[in-house]
Amino acid sequence: MGYTSDRFLPNSELHSYTQLTVLSPVALQTVKLSTEAVDGQYKFADWEKFHFAPIRESQVARAMGKRYFADLDKYAESDIVVVGGGSAGFSAAYVLAKNRPDLKIAIIEASVSPGGGCWLGGQLFSAMVVRKPGDLFLDDLGLEYEDEGNYVVVKHAALFMSTLMSKVLAFPNVKLFNATAVEDLITRKDDATGQISIAGVVTNWAHLDHDNQSCMDPNTINANVVLSACGHDGPQGASNGKRAKEVFPESEVQYGGMRGLDMNKAEDAIVKGAREVYPGLVFAGMELAEIDGSNRMGPTFGAMALSGVKAAETALNIYETCKARNEKTYGGLKN
């Protein structure tokens, strides 16, 4: 039940006109999310009369499509790209967006569901252990925890990750492209010095790369700084650390391979090691263990958050230098 109007809406992309069908609106309805029981019964709405507001399927398709393609256009020239939407990558994005609301920050995550391994603690247990002073990061997020002296415990790792994600994605200068893989790096070579630097990432839909398709050309995102937090070696882990071994001269390559578990050594090393490893390419999180040959820490998560903080600090401190370098090559696009 609707009617066809006499109005026609222009399609700005195709410069054509489409007849608009307007569906009759439903009466304003009330759904309460809290109420008192009456005669021992709770009633949040009159469900017999309940209806959603009407919609056409094409409206849904257009609402999604036009926004996604607008984001692709906007972030094709980003200021900073964060590769890897786990705890380290999102922690870095949180600090970046909070301190520089003027920068466009794109997060690229290969999985449909971002968060990396931070939805649970160790061995599929729920609680998340964070050694101090990682609790300071939790305080900034407004998370509650149990204080056990040298460490704190969040009741569920998913509470940390979902809270962090919700805060990051609420920033107007951040866009998450999930189900999107970084399959290569954009490089620039200084003709005078021969120095290679990073100027963005090469992207594709996840699982549509050259390992799964005979030929599926990618897309690109230019950026002045790339911050990689892809985790330790695995199906998609340490991808930029491994690719850098082929991009940069052997004399510049850093890739020691992750060592065995030692919590006390590992977390300090991951935080202190967060840095610009190659020009324009900053690393955070467990990918650093592969690069530096440091230990893994297992199910304790303070280093994930604080290595993200230090990597963000590094990215902000090198940003202007990287931007100036990129603008010397091909003129540098003004975003």
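The values are calculated or read from the model by the stated rules, or taken from the named source; none is laboratory data. Because the structure is a prediction, the values reported are computed rather than measured. Heads up, the Cβs are rebuilt from the backbone with ideal geometry, glycines too, and the neighbour counts pull from every protein chain shown. Just the protein is used for accessible areas: all its heavy atoms, side chains included, with ligands, DNA and RNA removed. Shrake-Rupley method; radii C 1.70, N 1.55, O 1.52, S 1.80 Å.
In the range 25-70, what residues are hydrophobic (A, V, I, L, M, F, W, C) and closer than 25 Å to VAL174 by Cα? Break it down stepwise before answering.
Our first condition is that a residue be hydrophobic (A, V, I, L, M, F, W, C); within the range 25-70, this holds for 26-28, 31, 33, 37-38, 44-45, 47, 50, 52-53, 55, 60-61, 63-64, 69-70.
Scanning the range 25-70 gives VAL60, ALA61, ALA63, MET64, PHE69, ALA70.
Within the range 81-92, does at least one residue satisfy the condition of being surrounded by fewer than 10 Cβ atoms within 10 Å (Cβ to Cβ), among the aliphatic types (A, V, I, L, M) and under 24 Å from the mean Cα position of the chain (by Cα)?
Taking the range 81-92 as the starting set, the residues that turn out to be surrounded by fewer than 10 Cβ atoms within 10 Å (Cβ to Cβ) are none.
No, that holds for no residue.
Would you mind stating whether GLY84 is within 14 Å of ALA311 (Cα to Cα) and out of contact with any Leu (no Cβ under 8 Å at 6 or more places or on another chain)?
Values: within 14 Å of ALA311 (Cα to Cα): yes; out of contact with any Leu (no Cβ under 8 Å at 6 or more places or on another chain): yes.
So GLY84 passes the test.
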Quiz item: In the range 281-303, what residues are closer than 20 Å to SER239 by Cβ, open to solvent by 10 Å² or more (accessible area, probe 1.4 Å) and under 19 Å from the mean Cα position of the chain (by Cα)?
Solution: MET286
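For the range 172-207, give me the residue count where each residue is more than 17 Å from THR329 (Cβ to Cβ) and either touching a Phe, Trp or Tyr at 6+ places or on another chain (Cβ under 6 Å) or open to solvent by 50 Å² or more (accessible area, probe 1.4 Å) (or both). First the steps, then the outcome.
Residues of the range 172-207 more than 17 Å from THR329 (Cβ to Cβ): 172-184, 203-207.
In the following step, the residues that additionally are either touching a Phe, Trp or Tyr at 6+ places or on another chain (Cβ under 6 Å) or open to solvent by 50 Å² or more (accessible area, probe 1.4 Å) (or both) were identified as 172, 175, 178, 183, 205, 207.
Counting residues in the range 172-207 that are more than 17 Å from THR329 (Cβ to Cβ) and either touching a Phe, Trp or Tyr at 6+ places or on another chain (Cβ under 6 Å) or open to solvent by 50 Å² or more (accessible area, probe 1.4 Å) (or both) gives 6.
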Practice problem: Of all residues in the range 246-256, count the ones that are closer than 22 Å to GLY234 by Cβ and part of a helix (DSSP H, G or I). | Solution: 2
Practice problem: State which residue is farthest from PRO101 (Cα to Cα) when the search covers only the range 118-144 and only residues that are open to solvent by 70 Å² or more (accessible area, probe 1.4 Å) and without any contact (Cβ under 8 Å) to a residue 40 or more places away in the chain. | Solution: LEU124
Quiz item: Taking LEU159 and the conditions (1) closer than 25 Å to ASP79 by Cβ; (2) open to solvent by less than 80 Å² (accessible area, probe 1.4 Å); (3) in contact with a strand residue (DSSP E or B) (Cβ under 9 Å, 6 or more places away or on another chain), which numbered condition does it fall short on, given that it satisfies the others?
Solution: (1)
Quiz prompt | Total residues in the range 245-267, condition closer than 21 Å to ASN295 by Cβ and touching a residue at least 24 places away in the same chain (Cβ under 8 Å) | solution = 13
Quiz item: Of all the residues that make up the range 44-65, how many are over 21 Å from the mean Cα position of the chain (by Cα), more than 16 Å from THR30 (Cα to Cα) and without any contact (Cβ under 8 Å) to a residue 12 or more places away in the chain?
Solution: 7
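Please return the ranges of helices (runs of 4 or more DSSP H) entirely within the range 257-335 where 1 or more residues are of a type in the set (Phe, Trp, Tyr) and touching a Leu at 6+ places or on another chain (Cβ under 9 Å).
On the way: elements: 263-273, 287-292, 302-327.
By residue number, 302-327.
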Quiz item: Quick check: anything in the range 228-248 farther than 27 Å from PHE177 by Cα and among the charged types (D, E, K, R)?
Solution: no
Quiz prompt | Those residues of the range 31-43 which are open to solvent by 100 Å² or more (accessible area, probe 1.4 Å) and either touching a residue at least 60 places away in the same chain (Cβ under 8 Å) or closer than 30 Å to LEU176 by Cβ (or both), in sequence order | solution = LEU33
Quiz item: List the pairs whose first member sits in the range 156-170 and is more than 18 Å from ALA106 (Cβ to Cβ), whose second member is of a type in the set (D, E, K, R) and not in a helix (DSSP H, G or I), and whose Cβ atoms are under 9 Å apart, counting only residues at least 6 apart or on separate chains?
Solution: LEU159/GLU144
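Here is a check on your reading of the model: is VAL154 closer than 25 Å to LEU103 by Cβ, surrounded by 15 or more Cβ atoms within 10 Å (Cβ to Cβ) and touching a strand residue (DSSP E or B) at 6+ places or on another chain (Cβ under 8 Å)?
Working: closer than 25 Å to LEU103 by Cβ: no; surrounded by 15 or more Cβ atoms within 10 Å (Cβ to Cβ): yes; touching a strand residue (DSSP E or B) at 6+ places or on another chain (Cβ under 8 Å): yes.
When the stated conditions are applied, VAL154 does not pass them.
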Quiz item: Can you pull out the residues in the range 104-133 that are touching a helix residue (DSSP H, G or I) at 6+ places or on another chain (Cβ under 7 Å) and within 23 Å of ILE80 (Cβ to Cβ)?
Solution: LYS104, ILE105, ALA106, ILE107, PRO114, GLY115, GLY116, CYS118
